[in-house]
Amino acid sequence: MVRCMDVCRMVVVFCLVAVAMVSPRLLRADVLTITVGTYIDGQDSLYIQGDTLKWQYGDYTPVGAPRGDVPDTNTYISTTLNGSPVMSLTPWQPVFASGPSSGQFSLPFTSLDPALPGSGIDSVSLVVNEGRETLDISQFPTPGNGETLILNFDDDADGGAGYYNGTVTVDYTPAGVTPEPGAIVLVGSGLLGLVGIARRKLSKNA
């Protein structure tokens with residue numbers, strides 16, 4: 001009976017060790033961060049889909065419009081993948097074709113790297129690093145909206161434009177990630193081996 005319990009303990013310990021060693025190979029989750037900084041006066045929305053960003057004008061002064069109280073009209077973009085920097089304060093000067101009128105989109109920025117994943121997104125969160133009023137997520141990316149993320153910037157304070165900076169964190173499973181055959185064989189063969197040992201020990205004790 002004692003030896004049977006010892007074998008059971010060996011099986012449990014092996015399973016725990018095997019899972020700890022093999023789980024990174026069975027399923028890999030990546031973490032993407034996108035940091036955006038710009039001056040806002042009024043209400044504007046930033047659409048992010050794949051490698052493309054575009055501003056949608058709401059009211060007051062459009063993003064990127066030249067004005068005396070704004071020292072820099074660029075939108076700055078930084079990204080990381082699994083903690084490693086990819087883009088660092090890349091400038092983008094938003095341009096509207098005309099007007100603009102409420103609801104109009106700017107010309108797009110098409111070089112986001114890494115791109116917002118088109119599938120496999122597990123969670124999205126936002127940290128507001130700087131901003132005097134509202135910066136939030138007005139739409140989370142889902143298959144139904146083409147995995148489009150929308151950030152809402154709403155600056156209704158007096159005194160001109162205010163600077164806003166926020167970091168979006170996206171946890172996702174890369175497309176095509178499947179359990180590695182070698183990992184599955186490792187766990188399976190180990191368990192079969194322990195089963196064989198257990199049978200031999202039990203037969204000796206019988």
The condition from (1) part of a loop (DSSP other than H, G, I, E, B); (2) closer than 18 Å to THR167 by Cβ that PHE96 misses is numbered (2)
Every listed condition ((1) surrounded by fewer than 18 Cβ atoms within 10 Å (Cβ to Cβ); (2) in contact with a Lys or Arg (Cβ under 8 Å, 6 or more places away or on another chain)) holds for ASP155 save (1)
Considering only region 155-162, I want to know if a residue exists there that is modelled with pLDDT of 95 or more, of a type in the set (A, V, I, L, M, F, W, C) and out of contact with any helix residue (DSSP H, G or I) (no Cβ under 7 Å at 6 or more places or on another chain). no
Determine the pairs where a residue that is among the β-branched types (Val, Ile, Thr), located within region 115-140, has a partner that is modelled with pLDDT under 95 with Cβ atoms under 9 Å apart, the partner being 6 or more residues away or on another chain. THR134/ASP156
Give me a count of the residues in region 98-128 that are more than 15 Å from the chain's Cα centre (by Cα) and either under 18 Å from ASP44 (Cα atoms) or of a type in the set (A, V, I, L, M) (or both). 13
Answer yes or no as to whether ALA97 is out of contact with any strand residue (DSSP E or B) (no Cβ under 8 Å at 6 or more places or on another chain), small (Gly, Ala, Ser) and touching a residue at least 40 places away in the same chain (Cβ under 8 Å). no
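The values are calculated or read from the model by the stated rules, or taken from the named source; none is laboratory data. The structure presented is a predicted model; accordingly, all values stated were derived computationally and were not measured. Quick reminder, even Gly has a Cβ in these numbers, built from the backbone with ideal geometry, and neighbours come from all protein chains shown.
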